[in-house]
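Peer 1: Here it is: the structure, laid out below.
The values are calculated or read from the model by the stated rules, or taken from the named source; none is laboratory data. Computed from a prediction, not measured in an experiment: that's the story for all the values here. Because the Cβ atoms are built from the backbone with ideal geometry, glycine has one as well, and the counts that use them run over all protein chains shown.
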Amino acid sequence: MDIQEQVKSDIQQAIQALFQTTMDDVTLQPTKKEFEGLYTFVTFSLTKALRQAPAQIGQAIGTWLAQNSPIVSGFNVVQGFLNLSIADAAWVNVLNAIAANPSFGVLPKKEQSVMVEFSSPNTNKPLHLGHLRNNFLGDSVSRILTANGYDVVKACIVNDRGIHICKSMLAYKLFSNGETPESSGLKGDHLIGKYYVLFDKAYKAQVAEMVEQWQSGTPVTKEEAEKTAPLMQEVQQMLRLWEQGDPETVALWSQLNAWVYEGFDATYRTIGVSFDKTYYESNTYILGKEVVEEGLQKGVFYRKEDSSVWIDLTEEGLDQKLVMRSDGTSVYMTQDLGTTDLKAEDYHTDRQIWVVGNEQDYHFKVLFAILGRLGRTYADGLYHLSYGMVDLPTGKMKSREGTVVDADDLVQETIDAASTAADEAAKGKLDEFSETEKAALFQMLGLGALKYYLLKVDPQKRMQFNPAESVDLHGNTGPYIQYVHARIRSVLRKASDMGISLEGAVTVSQLDEIEQQLVFLLSQYPQRVAEAGADYAPSYIAQYVYELAKTFNQFYDKLSILKETDAIKLHSRLILSKSVGETIRSSMGLLGIDVPEKM
């Protein structure tokens, strides 16, 4: 039973009966907290047609509804705002429907498919805080779209070639003395990231020395030094050797990448992220050259005198864009054109979504415009889920300078902070946990804190992550919501130990206001799932589940559950608690967060 739709229908009937006119689009809004009621209908739009004052119209409609609607129990009018209260019997029906539906919140199949591409790591460094926001967004959006009835493919493209990869390779070749993950005690991705930083330090020192000690009396600018520094020349030569298939260079590349992949896989397992398909740039970077040739033949691209290939997108409000260099080598756009074709050919999805930071907004506008010009049938289904960067209280992070916050370290730091916060809050209650159970609980809380903190913010907003704030058990945090779930499970276990059955429908005749609010919030869950799927916004689910958890705590503090002497009310409150707990678990699951049975 959809109460909101029923109220809209009843209002339409009231308008027809009272004023002999129709209103096709009835809009309801939540009643302001200072007034009694749940839904508000604004009557101002009817005043001109009916030639009556807004309050007079509201009074007439409210009176009709109170007399004729099976679910409206009362009303009040404040100027042009008709505030409606809903009958307890209607909420009981809603609660029974929710409690009886094991798939509550999972929407019907849509017979459409979506590919969500996220993570996109580089093999010259480990995953960092920015990657965590990317991974959590991509994973959560995939879960939300699945709940919306779509067939979802989770894809990742690994940037495993190019000049930045060769920087790590050259530094390893020059400075490593054969160091391995085993000999260093470092994860493979951490080890290679270390050499990426070492290259940058050595390169900057070389550039500074060239600027200070120019030869033949001719000054050397910093820009000239950066281009001609011996280390940069060696890196460029290494890239050429790799593209030519030089056995020694390819062997080094393969070994270092293998170490990095082992490190990535360990991180993905820890944070609970997986992919259905992984693409590698080393396998796809040349695919776009065929697309460029096709575009030249169609007249979509044009060739300049230096043989470089371009497209003019000024009609789309963009500019002229290079798609292939004069020497015939690919640029990022070339690669993305080919890879997008490959993804479409592999899976034929109705939509492709890229989860990529907002510094690439322009790139995706150009990519989508080019594919539209090329007449790709899938072009209308392309979407860039742009998100803002993540800072720490200490400021912006830079990979080359080694100031990036490593994902593994941050995850562990948050787990440690969660364990400290939980220990302090538990006041000895965790003594019944084994060390293994404690470790699992603290990891669940730490990951929950991290994921929830990064997902509760609108993806497009730049944000600051505060590890200490994220694990607070009393604020808008993951651990707070996890604690509420554990509280509900504790109540239900005690009820079971007392021999109280949860079988049968709720038959209570009257609900407290806080119980009505809880049932109303529960009834909103499918709509919130649909809205989050439409806008690719996990933050909607985070806001919803926090509101649900907070309202349950108000219910728990106001009304007795297990000490209630009225058996019908006791049964009702247990069913309500069980439904809230299951919806919290489902909501948090859409964010990729597990919830504990006890804390």
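Peer 1: Output the residue which, of all residues in the range 323-353 that are touching a residue at least 24 places away in the same chain (Cβ under 8 Å) and among the basic types (Lys, Arg), is surrounded by the fewest Cβ atoms within 10 Å (Cβ to Cβ).
Peer 2: So, considering only residues that are touching a residue at least 24 places away in the same chain (Cβ under 8 Å) and among the basic types (Lys, Arg), the one surrounded by the fewest Cβ atoms within 10 Å (Cβ to Cβ) is 351.
Peer 1: If you don't mind, another one. Can you name the number of the only condition in (1) closer than 30 Å to residue 356 by Cβ; (2) buried (at least 17 other Cβ atoms within 10 Å of the Cβ) that residue 488 fails?
Peer 2: (1)
Peer 1: Scan the range 122-129 and tell me whether some residue there is of a type outside the set (Ser, Thr, Tyr), part of a loop (DSSP other than H, G, I, E, B) and touching a His at 6+ places or on another chain (Cβ under 8 Å).
Peer 2: Quick first cut of the range 122-129, residues of a type outside the set (Ser, Thr, Tyr) only: 122, 124-129.
If we keep only those that are part of a loop (DSSP other than H, G, I, E, B) too, we end up with 124-127.
Now narrow it down to the ones that are touching a His at 6+ places or on another chain (Cβ under 8 Å): 124, 126.
Within the range 122-129, one or more residues are of a type outside the set (Ser, Thr, Tyr), part of a loop (DSSP other than H, G, I, E, B) and touching a His at 6+ places or on another chain (Cβ under 8 Å).
Peer 1: For residue 335, all conditions in the list (1) closer than 30 Å to residue 276 by Cβ; (2) at pLDDT 95 or above; (3) touching an Asp or Glu at 6+ places or on another chain (Cβ under 7 Å) hold save one; what is the number of the exception?
Peer 2: (2) is the only condition that residue 335 fails.
Peer 1: Only one of 294, 305 is surrounded by fewer than 14 Cβ atoms within 10 Å (Cβ to Cβ) and over 33 Å from the mean Cα position of the chain (by Cα). Can you tell me which?
Peer 2: On the way: 294 fails: surrounded by fewer than 14 Cβ atoms within 10 Å (Cβ to Cβ).
Being surrounded by fewer than 14 Cβ atoms within 10 Å (Cβ to Cβ) and over 33 Å from the mean Cα position of the chain (by Cα) holds for just one of 294, 305, which is 305.
Peer 1: Still on this structure: Among the residues of the range 462-482, how many are surrounded by fewer than 19 Cβ atoms within 10 Å (Cβ to Cβ) and in contact with a strand residue (DSSP E or B) (Cβ under 9 Å, 6 or more places away or on another chain)?
Peer 2: 4
Peer 1: In addition: State whether one or more residues within the range 36-43 are closer than 30 Å to residue 159 by Cα and at pLDDT 95 or above. Break it down stepwise before answering.
Peer 2: In the first step, residues of the range 36-43 are kept if they are closer than 30 Å to residue 159 by Cα; the result is none.
No.
Peer 1: Please go through the range 412-461 and give me each residue that is surrounded by 22 or more Cβ atoms within 10 Å (Cβ to Cβ) and of a type in the set (D, E, K, R), ordered by number.
Peer 2: Result: 451, single match.
Peer 1: Still on this structure: Just checking, does the range 147-158 include any residue being of a type outside the set (Val, Ile, Thr), at pLDDT 95 or above and in contact with a Pro (Cβ under 6 Å, 6 or more places away or on another chain)?
Peer 2: First, the residues of the range 147-158 that are of a type outside the set (Val, Ile, Thr): 147-151, 154-156.
Keeping just the survivors that are at pLDDT 95 or above gives 147-151, 154-156.
Applying the additional criterion that residues be in contact with a Pro (Cβ under 6 Å, 6 or more places away or on another chain) yields 149.
The answer is yes, given that some residue of the range 147-158 is of a type outside the set (Val, Ile, Thr), at pLDDT 95 or above and in contact with a Pro (Cβ under 6 Å, 6 or more places away or on another chain).
Peer 1: Every residue in the range 280-322 that is assigned to a loop (DSSP other than H, G, I, E, B) and free of Cβ contacts under 8 Å to residues at least 24 places away in the same chain, please. Can you show your working first?
Peer 2: Going residue by residue through the range 280-322, those that are assigned to a loop (DSSP other than H, G, I, E, B) are 285-287, 299-301, 304-308, 313, 317-319.
Result: 299, 301, 304, 305, 306, 307, 308, 317, 319.
Peer 1: Just the residues that are outside any strand (DSSP E or B) and closer than 24 Å to residue 104 by Cα, please, taken from the range 146-171. Walk me through how you get there before you give the answer.
Peer 2: Restricting attention to the range 146-171, the residues satisfying the condition of being outside any strand (DSSP E or B) are 146-150, 160-171.
Hits for the range 146-171 are 146, 147, 148, 149, 150.
Peer 1: Quick check on my filter: what residues within the range 77-92 are over 16 Å from residue 508 (Cβ atoms) and in a loop (DSSP other than H, G, I, E, B)? Talk me through it step by step, then tell me what you get.
Peer 2: First pass over the range 77-92, keeping only residues over 16 Å from residue 508 (Cβ atoms): 77-85.
Result: 79, 80.
Peer 1: For the list (1) out of contact with any Asp or Glu (no Cβ under 6 Å at 6 or more places or on another chain); (2) surrounded by fewer than 22 Cβ atoms within 10 Å (Cβ to Cβ), I need the number of the one condition that residue 519 fails.
Peer 2: Checking residue 519 against (1) out of contact with any Asp or Glu (no Cβ under 6 Å at 6 or more places or on another chain); (2) surrounded by fewer than 22 Cβ atoms within 10 Å (Cβ to Cβ), the one that fails is (2).
Peer 1: Still on this structure: Do we have residue 95 as within 40 Å of the chain's Cα centre (by Cα), assigned to a strand (DSSP E or B) and surrounded by 21 or more Cβ atoms within 10 Å (Cβ to Cβ) here? Give the steps one after another, and end with the answer.
Peer 2: Details: within 40 Å of the chain's Cα centre (by Cα): yes; assigned to a strand (DSSP E or B): no; surrounded by 21 or more Cβ atoms within 10 Å (Cβ to Cβ): yes.
So residue 95 fails the test.
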